[in-house]
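Data first, discussion second: the structure below is written as structure tokens.
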Amino acid sequence: MRFVARHTFDCSPDAWWRMYWDDAFDEVLYETTGVRRELVASRDEGGVIVRRLRFVPDRDLPAPAASLLGTKRLTYEQENRFDPARAELTWKVLPTVLPGRLSAQGRFRIEDVPGGCEQVIEGEIVVSVPLVGGQIEKAVVAEVERSYARTAVAARQWIADHNP
């Protein structure tokens, strides 16, 4: 299932990326979304920053999803590849549940728009489980969209407070 999330901000793309990489903003994101981002590894590949992150939620999945996935919390790892020349980050989830049956990937970019910038997140989540895969995809996409909406609120507050 494909999805697109768009959010605008009152800052330049450069200011947005500085915020995104700020450890203090990471703490704000955790407080807002309830998902902690832990850096597992980082390297530079010819100017592209490659980071492996672990995402750890502080809440349990709904009981039906937990039953299907065999876990109460959807902890997962993700590989992000940030190309500063293109101001684009591509991401790919490295599943810890449903190996070989879950695929989630996409791209994330910040575009210059009049009065600020726009964050555009495009992705695709595919769950290859007979009969219920589509339902799981819808639930995961809905949660991803809610998470990005909460993140946008936190980012707007950060921008207002820090005047980048």
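Read the figures in this text as sums done on the coordinates, not as results from a lab. Bear in mind that the values here come from a model prediction, so they are computed numbers and not experimental data. No Cβ is skipped: glycine too gets one built from the backbone with ideal geometry, and neighbour counts run over all protein chains shown.
Here Val127 meets each of (1) surrounded by 15 or more Cβ atoms within 10 Å (Cβ to Cβ); (2) among the β-branched types (Val, Ile, Thr); (3) out of contact with any Leu (no Cβ under 6 Å at 6 or more places or on another chain) with one exception, condition (3). One residue stands out among those in region 76-125 that are of a type in the set (Ser, Thr, Tyr) and within 20 Å of Ala139 (Cα to Cα): the one that is nearest to the chain's Cα centre (by Cα), which is Tyr76.
Residues considered: Val144, Val153, Val50, Val56. Of these, the only one that is in contact with a Ser or Thr (Cβ under 6 Å, 6 or more places away or on another chain), within 20 Å of Asp26 (Cβ to Cβ) and of a type in the set (Val, Ile, Thr) is Val56.
Across region 1-25, the qualifying residues are those that are farther than 14 Å from Ile159 by Cβ and in contact with a strand residue (DSSP E or B) (Cβ under 6 Å, 6 or more places away or on another chain), and the one among them that is surrounded by the most Cβ atoms within 10 Å (Cβ to Cβ) is Ala5.
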